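A short worksheet on the structure shown next.
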Amino acid sequence: MTEAVPSYLSPTGQEIVFLLLGAVAVGSALLVVTTRQLVHAALWLVVSFGALAGGYLVLTAEFVAWVQVLIYVGAVVVLLLFGIMLTRAPIGRSADLDSGNRWVAAVVAVATAAVLVTVVVDGFRTAYTPLKPGAGAAKELGASVFSTWVLPFEALSVLLLAALIGAIVLSRTDIPGGPPPEQTGGS
């Protein structure tokens with residue numbers, strides 16, 4: 001018995017929601033890298049991570065969705081915002097951040113996206129798997145993370161810790177090489 005492959009012209013409700021969440025994730029990710037205000041980029045990153053969490057919910061991976069919200073939206077974005085505040089990065093628009101290679105970067109980005117979309121569409125043209133609940137259960141994911149992926153998991157935690165320590169060191173004024181102390185105006 002063979003299962004009929006559904007038509008792409010009549011998507012289900014789950015597929016429509018998944019595509020809309022994907023469009024929100026891609027659109028907000030583009031705004032992350034194109035906005036000129038650093039805090040706005042961090043907030044668009046929250047929107048992108050939230051759309052990804054919604055996509056995980058549609059794919060019935062509830063555990064992964066909550067981990068996405070707690071770890072990425074909760075911790076990584078807060079770490080990024082603390083890093084912005086600790087390093088005294090410019091909050092508003094900054095003209096010195098533009099390198100002038102905007103058109104070259106856009107051409108490379110579009111070419112890379114075209115290659116990736118072509119490879120994915122060609123590789124998965126006839127593949128179809130119906131959604132089944134339970135694929136994102138905590139037991140299977142925990143066993144996978146802490147057996148197969150434990151080294152990258154720990155390396156990421158060390159990298160995030162190093163980024164936070166670097167932000168603290170850069171913001172300190174009493175360390176040689178740090179930003180100069182501000183001059184007080186009342187001699």
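Here, each number is a calculation from the coordinates, and none is a lab measurement. Computed from a predicted structure; not experimentally measured. Heads up, the Cβs are rebuilt from the backbone with ideal geometry, glycines too, and the neighbour counts pull from every protein chain shown.
When the GluC sites (Glu not before Pro) in the range 3-76 are filtered for DSSP coil states and for at most 14 other beta-carbon atoms within 10 Å of their beta-carbon, the remaining sites are 3.
When you count the other C-beta atoms within 10 angstrom of each residue and take the mean per peptide, 47-53, 78-84, 30-36 line up highest first as 47-53, 78-84, 30-36. Note on residue 146 and residue 113: the model spin-label points, each 7 Å out from Cα along the C-beta direction, lie 4.0 nm apart. Once the chain from residue 19 to residue 121 is taken as fully extended at 0.36 nm per residue, the excess over their C-alpha distance is 35.2 nm.
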